[in-house]
1. Name every residue in the range 175-209 that is of a type in the set (Gly, Ala, Ser) and open to solvent by 20 Å² or more (accessible area, probe 1.4 Å), in order of residue number.
2. Being closer than 15 Å to ASN301 by Cβ, part of a loop (DSSP other than H, G, I, E, B) and free of Cβ contacts under 8 Å to residues at least 60 places away in the same chain is the filter here; which residues of the range 219-248 pass it?
3. So, in the range 232-257, how many residues would count as being under 19 Å from ASN215 (Cα atoms) and surrounded by 14 or more Cβ atoms within 10 Å (Cβ to Cβ)?
4. Considering only the range 144-174, how many residues are under 20 Å from PRO97 (Cβ atoms) and crowded, with 18+ Cβ neighbours inside 10 Å?
5. What tally of residues in the range 99-145 results from selecting those that are under 23 Å from SER310 (Cα atoms) and of a type in the set (Phe, Trp, Tyr)?
Amino acid sequence: MKFFISVLFLFVLFSYAAAYDPLDPSGNVTVKWDIVSWTPDGYVAVVTMNNFQMYRHIMSPGWTLGWTWAKKEVIWSMVGAQTTEQGDCSKFKGNIPHCCKKTPTVVDLLPGVPYNQQFTNCCKGGVLAAWGQDPQSAVSAFQISVGLAGTSNKTVKLPKNFTLLGPGPGYTCGPAKVVPSTTFLTPDRRRKTQALMTWNVTCTYSQFLARKNPNCCVSFSSFYNETITPCPTCACGCQNKNNCVKSDSKFLKMVGLNTPRKDNAPLLQCTHHMCPVRVHWHVKLNYKEYWRVKVSITNFNYRMNYTLWSLVVQHPNLNNVTQVFSFDYKPLVPYESINDTGMFYGMKYYNDLLMEAGPLGNVQSEVLLRKDKDTFTFKQGWAFPRKVYFNGDECMLPPPDTYPFLPNSAHQHLSFTSFTFIAAMFFLFVTLW
């Protein structure tokens, strides 16, 4: 019985932690439904999606939102979005609903649609920026007219089983919950109006649900050691090893090579790590009061470019960033007492697009940091980051014992390790005896 309880506890704990990001503990995508008017057989609602994740955006081909109707509701019309299928509407005469499916699937409209199909914050192809990167672009909305539904706060039944793809799996949505009605300001900002009814749905992201392998890896180098610590072998899984392309292959000259496929299957350059993205951290220079790091991001996927990319790094000296030369930088302080995490992202219209694999498939910058005399050291790999995230997914770091060490600390490190091992064996022997 105790074993069963322990397993159940671990399962619940793991399930909770899987959707919890310690570097963005309050990050989520919130879907808000505001009923703005009643109709003879239902209501008109404004559905707003807010991406409150600090560094994880929803990239092309965009979000897909789904749910299950509680009764026999239909969608009469939509503005700013559309369902992917109409379903069976054969029982209707005259006016045909936009969608009759019990489980509708909604996508955003593409840019450039006719003006009469547009709605505020719509028509971006489902792309949502991260809240910490561009709050104004982290919102998407559409209007929906629902029929065969309740016509008052007491008779409306909330949809259930919400799903969100962004654009792939990884998001888990909770149940819809009625919340205080949203208030709106009129265009002249002199009068407040109020939604007739409001409910929220909160969706959280889990990298474990999104993919079984990492999507990026990290390599290290330094000025004080000739050793370059590469990404771990098969860091992102080697399932694409048989379908990769060598960097000098004639296949790369084919027309249409860089066109994405409908299933988003990657076409990777052959590497030992087989990751779509590699982040390289190079400790470049050491000054009296400062030290300098070069950060490079390389794309190895011939079918993918990354718009609005972001890089999150955790390092204790990020509390003293003096200058970032060709990236934008924003400190992330999820816990006010600790300032060791920051987000790097591209400058708009300059390097906010990481091109597909090839000569232009990399971006780089240098970071100048001021030394803290109480903590700064080049020993034991201190100069390298503790965690690295690319586009919201954690990257695989090399094992700590492979980091570039100071040349004069190599022998001491080895001796200490050997002494520790001998001491541990001696203690174990005495204990057993």
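1. Within the range 175-209, the subset of a type in the set (Gly, Ala, Ser) is 176, 181, 195, 206.
Matches in the range 175-209: ALA176, SER181.
2. GLY237, GLN239, ASN240, CYS244, LYS246, SER247
3. Filtering the range 232-257 down to residues under 19 Å from ASN215 (Cα atoms) leaves 232-245.
Next, from what is left, pick out any that are surrounded by 14 or more Cβ atoms within 10 Å (Cβ to Cβ): 232, 234-238, 240, 244-245.
Qualifying residue count for the region: 9.
4. The total comes to 8.
5. 1
The values are calculated or read from the model by the stated rules, or taken from the named source; none is laboratory data. All of these numbers come straight from a predicted model, not from anything done at the bench. Here Cβ is always computed from backbone atoms with ideal geometry, including for glycine, and neighbour counts include all displayed protein chains. Note: accessible area is taken over every heavy atom of the protein model, side chains too, but ligands, DNA and RNA are not part of it. Shrake-Rupley method; radii C 1.70, N 1.55, O 1.52, S 1.80 Å.
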